[in-house]
2 protein chains.
Amino acid sequence: MLFDFKKKAASLLESAGISINGSEPWDIQVHNEELYERTLRGGTVAFGESYMDGWWDAEDLERFFEKVLTANLDAKIQTLGLLPYYLKSLITNPQKGSRTYAVGETHYDIGNDLYRRMLDRRMTYTCAYWEPFQELPAAKTLDEAQEHKLEMICRKIGLKKGDRVLDIGCGWGSFIRYAAEKHGVECVGISVSKEQVRHGNETRGDLPIEFRYQDYREVNETFDHIVSLGMFEHVGVKNYKHYMEVVHQCLKEDGLFLLQTIGSPVSRRSTDPWIDKYIFPNSMLPSMAQIAKAAEKLFVIEDWHNFGYQYYLTLMAWYENFLRAWPELKGHYDERFYRMWVFYLLSSAATFSTRINQVWQIVFSKEGVKGGYKSLR
Amino acid sequence: MLFDFKKKAASLLESAGISINGSEPWDIQVHNEELYERTLRGGTVAFGESYMDGWWDAEDLERFFEKVLTANLDAKIQTLGLLPYYLKSLITNPQKGSRTYAVGETHYDIGNDLYRRMLDRRMTYTCAYWEPFQELPAAKTLDEAQEHKLEMICRKIGLKKGDRVLDIGCGWGSFIRYAAEKHGVECVGISVSKEQVRHGNETRGDLPIEFRYQDYREVNETFDHIVSLGMFEHVGVKNYKHYMEVVHQCLKEDGLFLLQTIGSPVSRRSTDPWIDKYIFPNSMLPSMAQIAKAAEKLFVIEDWHNFGYQYYLTLMAWYENFLRAWPELKGHYDERFYRMWVFYLLSSAATFSTRINQVWQIVFSKEGVKGGYKSLR
């Protein structure tokens, strides 16, 4: 044998405190010995695909990922595998024009049934807020944690009755419905998922809200306030400046813009290849430096709230809902999808429990709020 | 006449809503007609020097500066004047080695008497906090606003009795005294001003605090927590990364680092030339992008609190104290110093009332606080 893949893999795993076929809940149980070569040759894509194919398991998969991420194993097995992705990121603009709608089809249109069962009752597909906020107590359920998050956003932008609000990447309308119901505002939500727009317009009732199948670059109106929750991850670093320019153009002079996004600890130009291939094509986590730079000469950054750990709690709640719903869902999805989805939820959860990734709510104003913006917690 | 300097100056001022010898409190009263040519040839240095020489006045000088800054006149008269400063910033590292102590001599050693009368009773030479914070009510006096700011810092880093804390750029020891008195911690404060260190060690009494005449690059110990308040403005963009590395090295694994600094709206490499020449030699305001980039791979940014407007209130309080104390101070300083100091305080105040500059308190952790950091307001 020219190279002992198993020995190399065992040594890498050992550096993370993980044993092959060990007895700890975070140890890896290997069902196919070809796993080592496949992963060391193919990086995280191959590792994730091996899981989808049933080649390995871990009793506590989330803790397994925590250990892998803390020991930086994902980067260590990636070195060769990532190069083509990096080169692609330099040459192409994967979030441009016709490619914009790809994530809508791949991820958000895979079936409202799945999301209805996994998410809260408002179908909010972004990080919830479980901590106390102002007089609101700590949330006990996912439904509460999402409502508190929505309320927090409304207060941070100081919504007043009659305001007109744009939501860029509105999902199933969780925010715009809440804001219209509770704060008496009018809302326009845009989405690149046809399913979301169809579902939104069918169920909006008498609320003064409107769903549009539209890319953010096509908006050509002004609004009192703008929010964008969990959509910036799809924008791409080459478009951050233009995104900020579009928001600036669509925002009234004294309006506020609230951006909620997952944050990367370092400035990168691409995402994890497995996530790119199976979950969020063309997605990319922004760094604080990239966002701050894109906002220069356009916005004053009034507030920067980091609550990354809350996404660990949220993803675990989604995971539990997914497990609970699986018996009823399994007619529509195969076993490989099930394992893909578990891999997605738990590897994501681990990036937050380890505090590697962050969640940010950032409030921007065009000229600086006169007399100062009061940041709320 | 080849070029009508007065006409050009009048037109620039008019674009900012300012009339020459007009009757509004923010209008400029010109006592020497050579002002126009001197300023248009020499930029903000010449404009400030003209004020120091008594060539012009404005009844409400702060509002005059607000209008100048809002119309961007400082940049417009700077175009030619700034080039040498920009080139210098590329070639040299003005905050390096022997130059480090220059600001200590130029600015902080000009006389404790002046600062004692201008500042609060603890001699806190950084932005105060006048807003309510947690259960603390809005401050009514400068003394209160500074104590609330100091208390806010102690709470944000979660000080516990017996902790050992480093203060980089400790001034006259305002923070380390407060922390030792109220929270029972031990503190080391470092400063590049001999006057501050001498004064600090002479008056520390029995408090477990120590003042050192030392540059931050010379610290070689670890601390439970580190703060740095109003000192980062002297570090210089070429040294941000190294500064963060030094702090990282001196901070225990689960410690927190709180940085308070004035923030620039854009990423620059130099400061205003008049400020550089007369007030803070080799100073430079960091942008959010520059700080975030310098912290990458070293720190998780747990909280970013922007309260820039509070510095407008603080500077106006210092200005009032200075005016009140002048009759007793004037024996030690000449009229030109008086005008220089007024120009410094009120032009700075205007950069905050216009919301162009910000004040940031940023909390950093090395590995991310387990279970998430709770940001306090």
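The values are calculated or read from the model by the stated rules, or taken from the named source; none is laboratory data. Since the model is a prediction, treat every value here as computed from it, not as a measurement. Every residue, glycine among them, receives a Cβ derived from its backbone with ideal geometry; neighbour counts consider all protein chains shown. Quick note on the areas: whole protein, heavy atoms, side chains included, nothing else; ligands and nucleic acids left out. Shrake-Rupley method; radii C 1.70, N 1.55, O 1.52, S 1.80 Å.
Using a ≥ b ≥ c from the Cα gyration tensor of region B:133-178 (square roots of the eigenvalues), is it rounded, prolate or oblate, where a/c under 1.5 gives rounded and otherwise the larger of a/b and b/c decides, a/b for prolate? Oblate, because a/c is 1.5 or more while a/b does not exceed b/c. When only the Cβ of Lys, Arg, Asp and Glu is charged (+1, +1, -1, -1), the dipole of the protein assembly as shown relative to its Cα centre reaches about 1020 debye.
Projecting the Cα atoms of A:Phe232, A:Ser375, A:His305 onto the charge dipole of the protein assembly as shown, computed from C-beta unit charges around the Cα centre, puts A:Phe232 farthest toward the positive end.
Note on A:303-312: average number of Cβ atoms from other chains within 10 Å of each residue's Cβ is 5.
Springs join every pair of Cα atoms under 10 Å in this Gaussian network model of chain B, and among B:Phe211, B:Phe337, B:Phe175 the largest mean-square fluctuation is at B:Phe337. Which of B:Ala180, B:Ala128, B:Ala350 ends up with the largest GNM mean-square fluctuation for chain B, with Cα atoms connected below 10 Å? In the Gaussian network model the winner is B:Ala180. Only the Cβ atoms of Lys and Arg (+1) and of Asp and Glu (-1) were treated as charged; on that basis the dipole of chain B about its Cα centre amounts to roughly 960 debye. The overall shape of the protein assembly as shown is prolate: from the C-alpha gyration tensor, with semi-axes ordered a ≥ b ≥ c, the ratio a/c is 1.5 or greater and a/b exceeds b/c. At a probe radius of 1.4 angstrom, the accessible area of chain B per residue rounds to 41 square angstrom. Out of every Cα-Cα pair that region A:98-365 contains, those further apart than 22 angstrom amount to 55 percent. Going from the isolated chain to the complete set of protein chains, region B:345-364 loses at least 40 Å² of heavy-atom accessible area (1.4 Å probe) at B:Arg355.
Under the rule of -39500 (n - 2.57) per DSSP H run of 4 or more residues, summed and divided by the residues of chain B, what mean residue ellipticity at 222 nm is obtained, to the nearest 500 deg cm²/dmol?
-13000 deg cm²/dmol
In region B:242-287, comparing the full protein assembly with the chain on its own, the residues that lose 10 Å² or more of accessible surface at a 1.4 Å probe are B:Pro265, B:Val266, B:Ser267.
Checked against a 18 Å cut-off, the cross-linked pairs A:Lys76/B:Lys370; A:Lys161/A:Lys194; A:Lys8/B:Lys366; B:Lys194/B:Lys277; A:Lys293/B:Lys293 give Cα-Cα distances beyond that limit for A:Lys76/B:Lys370; A:Lys161/A:Lys194; A:Lys8/B:Lys366; B:Lys194/B:Lys277. Angle of helix B:79-91 to the longest C-alpha principal axis of chain B, folded into 0 to 90 degrees and rounded to 10: 30°.
Inter-copy label distances at B:Arg41, shortest first and taken from points set 7 Å along Cα to Cβ: 7.6 nm. Summed over both chains, the accessible area lost when B and A associate is about 2500 Å², using a 1.4 Å probe. The fraction of all Cα pairs in region B:196-325 landing in successive 5 Å bins from 0 to the largest distance is 2, 8, 14, 19, 19, 17, 13, 6, 2, 0, given as whole percents. Annotation: aspartates and glutamates with alpha-carbon distance below 17 angstrom to B:Lys374 (same-chain offsets under eight excluded): A:Glu131, A:Glu135, A:Asp303, B:Glu135, B:Glu151, B:Asp254, B:Glu302, B:Asp303. Positive end of the dipole of the protein assembly as shown (Cβ unit charges, origin at the Cα centre): among A:Ser264, B:Gly200, B:Ser23, the Cα lying farthest that way belongs to A:Ser264. Surface composition of region B:5-78: carbon and sulfur atoms hold 45% of the protein heavy-atom accessible area at a 1.4 Å probe. Highest GNM mean-square fluctuation among A:Val235, A:Val266, A:Val197, for chain A modelled with Cα contacts below 10 Å: A:Val266. For helix B:309-329, what angle does its Cα long axis make with the longest principal axis of chain B, in degrees from 0 to 90 and rounded to 10? The answer is roughly 70 degrees.
Taking a straight Cα-Cα cut-off under 14 Å and skipping sequence neighbours fewer than 8 places away in the same chain, the aspartates and glutamates within cross-link reach of B:Lys6 are B:Glu14, B:Glu33, B:Glu34, B:Glu37. Overall, the accessible surface of region A:225-360 at a probe of 1.4 angstrom is composed of carbon and sulfur to the extent of 54 percent. In chain B, the longest principal axis of the Cα atoms and the axis of helix B:142-156 are about 40 degrees apart.
Secondary structure note: in the protein assembly as shown, about 50% of the DSSP beta bridges are antiparallel. The Cα atoms of region B:5-78 give a gyration tensor whose axes a ≥ b ≥ c have a/c under 1.5, which makes the shape rounded.
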